[in-house]
Amino acid sequence: MGKRPIIIDTDPGIDDALAIAIALFSEELEVKLITTVAGNVSLDKVTNNALRLLAFFGKDVPVAAGAAQPLICELVDASNVHGASGMEGFDFPEPKKELLLKENAVNAMYRVIMESEEPITLMPIAPLTNIALLFAVYPQVKEKIREIVLMGGSASRGNKGVMSEFNIATDPEAAKMVFLSGVPIVMAGLDVGWKALVMPEDTEKLLGLGEVGKMAHCLFKKYRGGTFKTGLKMYDSCAVAYLLCPELFTVEETYVDVELAGTMTAGCTLVDLKGYLKKEPNAKVCMDIDQEKFRTWFLEALGKCR
Ligand code: RIB
Ligand code: CA
């Protein structure tokens, strides 16, 4: 069995950086393309950050820039969490510009998916604007996608609004298009993201995990998705963890929709565990994660990033 081909759609983003590293250095995944989308910070910044990461990791994966803004909403970024650059805290090399395709993300994803002999897995760890545009412009790609394993949403409370999670709430219209696309979805939301914590004793071990571990330790000093003391939330690593170690998760298959019109609930995911909406399931929702096993897995995975 060869490596599983994936496309990562991302807005690096400190937690994105670690998820990308783990995917790139894993033996099981082949990252065919990295696409960028405005989210944590602007499109230019996230694209440069992706190119800086690839220069630092020494990995020549093509990058294609996508949407500079959500479909309808104004972009409200998360620079308060990731710093003004989006990856504050570490002095990365210059962006490897030769990896940046002239194609936009939608056309690049379409080409890579249609050219692939094997169905592609999409791993969006950012607002879903690019994915929604891909399905709108090229609906025929859907039958060549194995599944979408995304970081986003919440069956409980939010981290951008009372009930809304950042990736979904940044572009709710795009998220609704993706959840209703008919493509198989795995949703790794805040229910697991909040428990996927790097604790102080783990953070110290990072310093012994080579250059990537040291880089992570530097970024974590600036990361505001939790604290060194209470634990740093590795939201995006939940998506790659599902691909590499699905047994870490407790999953429920159910119907998920996205609220657009609620004056106080727009952008929240309705995870219909009790079947009130009487709709067929459209997603596997990660409802729990084995926290201790995640911590062990995370450090082992980072240890391979050399
Ligand atoms: O809610 C967490 C998500 O928002 C993560 O993808 C993080 O990178 C931010 O984009
Ligand atoms: Ca992200």
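The values are calculated or read from the model by the stated rules, or taken from the named source; none is laboratory data. Just so you know, these numbers come straight off a predicted model, no measurement behind them. Ideal geometry is used to build each Cβ from the backbone, glycine not excepted, and the neighbour counts take in all protein chains shown. Only protein heavy atoms, including side chains, enter the accessible area calculation; ligands, DNA and RNA are left aside. Shrake-Rupley method; radii C 1.70, N 1.55, O 1.52, S 1.80 Å.
Table for the structure above
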item: Selection count where residues are aliphatic (A, V, I, L, M) and in a helix (DSSP H, G or I), scope the stretch 111-147; result: 10
item: Answer residue from the stretch 257-277, given it is among the charged types (D, E, K, R) and surrounded by 17 or more Cβ atoms within 10 Å (Cβ to Cβ) and is farthest from the chain's Cα centre (by Cα) among those; result: Asp272
item: Breaking point among (1) in contact (Cβ under 8 Å) with a residue 60 or more places away in the chain; (2) among the small types (Gly, Ala, Ser); (3) out of contact with any Phe, Trp or Tyr (no Cβ under 9 Å at 6 or more places or on another chain), for Ala196; result: (3)
item: Residue match in the stretch 126-143 (condition: open to solvent by less than 20 Å² (accessible area, probe 1.4 Å), of a type in the set (Phe, Trp, Tyr) and on the phi < 0 side of the Ramachandran plot); result: yes
item: Meets criteria (modelled with pLDDT of 95 or more and closer than 23 Å to Cys305 by Cα) for Val46; result: yes
item: Single residue of the stretch 218-234 satisfying the filter (in contact (Cβ under 8 Å) with a residue 60 or more places away in the chain and under 12 Å from Phe294 (Cβ atoms)) that is most open to solvent (accessible area, probe 1.4 Å); result: Lys233
item: Search result, residues across the stretch 93-110 that are surrounded by 16 or more Cβ atoms within 10 Å (Cβ to Cβ) and assigned to a helix (DSSP H, G or I); result: Leu99, Ala105, Val106, Asn107, Ala108, Met109, Tyr110
item: Any chance Leu150 is assigned to a helix (DSSP H, G or I), under 29 Å from Leu51 (Cβ atoms) and in contact with a helix residue (DSSP H, G or I) (Cβ under 9 Å, 6 or more places away or on another chain); result: no
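Quick grid of which residues meet (1) surrounded by fewer than 22 Cβ atoms within 10 Å (Cβ to Cβ); (2) within 16 Å of ligand 1 (Cβ to nearest atom):
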site	(1), (2)
Ala21	no, yes
Leu29	yes, no
Thr35	no, yes
Lys59	yes, no
Val63	no, no
Glu74	yes, no
His82	no, yes
Gly89	yes, yes
